[in-house]
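Notes follow the structure.
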Amino acid sequence: MIPKNHPRYESLILREKIKKAFCEGYLADSGLIAHGRGEAFDYLIGEKTIATACESIKAAVAALILAKNPVISVNGNSVALVMDDIVSLSKVLNVKIEINLFYRTNERVKIIKNLFKRRGVCVLGSDEDELLFIDGIESPRSTASKEGIYSADLVLVSLEDGDRTEILVNSGKKVIAIDLNPLSRTAQMANITIVDNIIRAIPLMIKIANELKEKDEKSLKKIIANFSNEKNLKESLESIELK
Ligand code: PTJ
């Protein structure tokens, strides 16, 4: 039992969620390591959503609203931390959800699919879908369902190793990445990078989505046109260096 007055209460609760997901069999063992890396970066940005992340969240939500076939890609870590928020975001913006795992096993896919099913949500990416493969990705991350990631014009990825984003971008898709490490390959290669903890980023995306949904196409396009990922990443890095 973690005492509520523990100075690192929130952080320890997240660790519990990650451990539970591992024990339930859907979080990869390497997901424990990935979480630790995220914790370190979160510490460096002050465990709060920095101004640059607010900007990239606005651009990301505008892009999601304008996209024709947007997909949220989920893996063990994102499901363990924010499954319910991902479901809410997908409903607010009418976005599909697809399971995509680096350490893919049938068992993990089945557990994750059932977790969503229990919430009344049907997700793509299991073997029951028509699964295709993205050229150039050598890992099991290459899986892409025909109606989801394969034909998507925009994919939201989070907590990923760096073997997919560049290839998705080169294949003409837009990629939004949520990644606490602004130097990661995924962060560097994405079109829009949200340097924030996924546990804060997704709820803020839901809030912004409810606001931006009312805007016209011209205003949304303007938000995207005024956004530079290169500049945003540089400024995110500076907010780490100031600490
Ligand atoms: O579930 P699978 O099989 O798809 O495997 C997923 C993992 C996470 C094991 C795999 O993608 C991996 O090894 O990822 P990496 O290379 O460790 O990269 C994860 C990235 O996410 C790192 O840049 C971390 O800083 C970042 N990160 C970790 N926790 C968070 C985070 N970003 C946002 N929010 C977090 N909570």
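The values are calculated or read from the model by the stated rules, or taken from the named source; none is laboratory data. Note that the structure is predicted; figures quoted are calculated from it, not measured. Methodologically, a virtual Cβ is constructed for each residue, glycine included, from the backbone with ideal geometry; neighbour enumeration extends over all protein chains shown.
If you go through segment 229-239 one residue at a time, do you hit one that is within 11 Å of the ligand (Cβ to nearest atom) and surrounded by fewer than 23 Cβ atoms within 10 Å (Cβ to Cβ)? No, there is no match, as no residue in segment 229-239 is within 11 Å of the ligand (Cβ to nearest atom) and surrounded by fewer than 23 Cβ atoms within 10 Å (Cβ to Cβ). Each residue in segment 46-55 was checked for being among the aliphatic types (A, V, I, L, M) and more than 14 Å from the ligand (Cβ to nearest atom), and 1 pass.
I need the full set of residues from segment 161-181 which are under 15 Å from Val71 (Cα atoms) and either surrounded by 24 or more Cβ atoms within 10 Å (Cβ to Cβ) or among the hydrophobic types (A, V, I, L, M, F, W, C) (or both), in order please. Walk me through it before giving the result.
Step one: filter segment 161-181 for residues under 15 Å from Val71 (Cα atoms), giving 164-165, 168-169, 172-178.
Within segment 161-181, Arg164, Thr165, Leu168, Val169, Val175, Ile176, Ala177, Ile178 meet the criteria.
Within segment 36-45, identify whether any single residue is among the aliphatic types (A, V, I, L, M), within 16 Å of the ligand (Cβ to nearest atom) and surrounded by fewer than 18 Cβ atoms within 10 Å (Cβ to Cβ), and answer yes or no. Give the steps one after another, and end with the answer.
Quick first cut of segment 36-45, residues among the aliphatic types (A, V, I, L, M) only: 40, 44-45.
Keeping just the survivors that are within 16 Å of the ligand (Cβ to nearest atom) gives 40, 44-45.
Still in the list and also surrounded by fewer than 18 Cβ atoms within 10 Å (Cβ to Cβ): 40, 44.
For segment 36-45, residues among the aliphatic types (A, V, I, L, M), within 16 Å of the ligand (Cβ to nearest atom) and surrounded by fewer than 18 Cβ atoms within 10 Å (Cβ to Cβ): present.
Across segment 81-130, the number of residues qualifying as within 19 Å of Asn69 (Cβ to Cβ), modelled with pLDDT of 95 or more, outside any helix (DSSP H, G or I) and of a type outside the set (Gly, Ala, Ser) comes to 11.
Can we say Glu160 is on the phi < 0 side of the Ramachandran plot, within 16 Å of the ligand (Cβ to nearest atom), part of a loop (DSSP other than H, G, I, E, B) and among the charged types (D, E, K, R)? For Glu160, the condition - on the phi < 0 side of the Ramachandran plot, within 16 Å of the ligand (Cβ to nearest atom), part of a loop (DSSP other than H, G, I, E, B) and among the charged types (D, E, K, R) - is met. Scanning segment 163-194 for residues that are of a type in the set (Gly, Ala, Ser), assigned to a loop (DSSP other than H, G, I, E, B) and within 13 Å of the chain's Cα centre (by Cα) turns up just one, Ala190.
Of the residues Lys20, Lys58, which is closer than 13 Å to Asp196 by Cβ, more than 10 Å from the ligand (Cβ to nearest atom), in a helix (DSSP H, G or I) and out of contact with any Lys or Arg (no Cβ under 7 Å at 6 or more places or on another chain)? Steps first, answer last, please.
Values: Lys20 fails: closer than 13 Å to Asp196 by Cβ.
Criteria check complete, one pass: Lys58.
Looking across segment 127-157, the residues that are over 26 Å from Ile206 (Cα atoms), within 15 Å of the ligand (Cβ to nearest atom) and not basic (Lys, Arg) come down to Ile134, Ile137, Glu138, Ser139, Pro140, Ser142, Thr143.
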